Amino acid sequence: MVARTMDLGDCVVWYEVFKQDSAAPTLVFLHGAATNHTAFNHQRAHFHKAGFGSLAPDARGYGKSTPFQNKGAYTLGAFTSDLEGLIAQEKIDKFTIVAHSGGTLVAQNYAALHPEKMESLVLVSG
């Protein structure tokens, strides 16, 4: 796994990426409120052994990303735009999103805007 950042101007988003060969399926993990990218560590380890690639960001305001600053910068549109930027930066063509809690809102919004990018969508409540 490689740790990277993406500077969005109003914040820096931190993420981990693990790439397999270009034919390997990719999973994008989106955590919920009050957690960070580590919420899916066990699942990511399992899927890496099975040959999957993954992308696991700390959403803006969480984990190693820029701490909360401007309350107005934390909208569904901003979180979705961040995901769009990460997908573009990593040049991921098609993928599955696995999302928990508040991350499911971002996942659903992204999937509605970019259905051509989606292999599948896994929404976990709890």
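The values are calculated or read from the model by the stated rules, or taken from the named source; none is laboratory data. As the structure is a computational prediction, the values presented were derived from the model and not from experiment. Neighbour counts run over all protein chains shown; Cβ positions are idealised from the backbone, glycine included. Surface accessibility is based on the protein's heavy atoms, side chains included, excluding ligands, DNA and RNA. Shrake-Rupley method; radii C 1.70, N 1.55, O 1.52, S 1.80 Å.
Tabulated data
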{"quantity": "Region 89-112: number of residues that are open to solvent by 70 Å² or more (accessible area, probe 1.4 Å), closer than 20 Å to R60 by Cα and among the aliphatic types (A, V, I, L, M)", "calculated": "1"}
{"quantity": "Residues being without any contact (Cβ under 8 Å) to a residue 24 or more places away in the chain and part of a loop (DSSP other than H, G, I, E, B) - total across region 52-68", "calculated": "1"}
{"quantity": "Members of region 3-23 that are surrounded by fewer than 14 Cβ atoms within 10 Å (Cβ to Cβ) and more than 14 Å from G63 (Cβ to Cβ)", "calculated": "D7, G9, D10, D21, S22, A23"}
{"quantity": "Selected residue (criterion: most open to solvent (accessible area, probe 1.4 Å)) from residues of region 24-51 that are closer than 21 Å to S65 by Cβ, among the aliphatic types (A, V, I, L, M) and assigned to a loop (DSSP other than H, G, I, E, B)", "calculated": "A34"}
{"quantity": "Filtered residue count, region 82-126, keeping only those that are outside any helix (DSSP H, G or I) and either within 11 Å of the chain's Cα centre (by Cα) or not charged (D, E, K, R) (or both)", "calculated": "18"}
{"quantity": "Matching residues, region 1-18, being assigned to a loop (DSSP other than H, G, I, E, B) and without any contact (Cβ under 8 Å) to a residue 60 or more places away in the chain", "calculated": "M1, G9"}
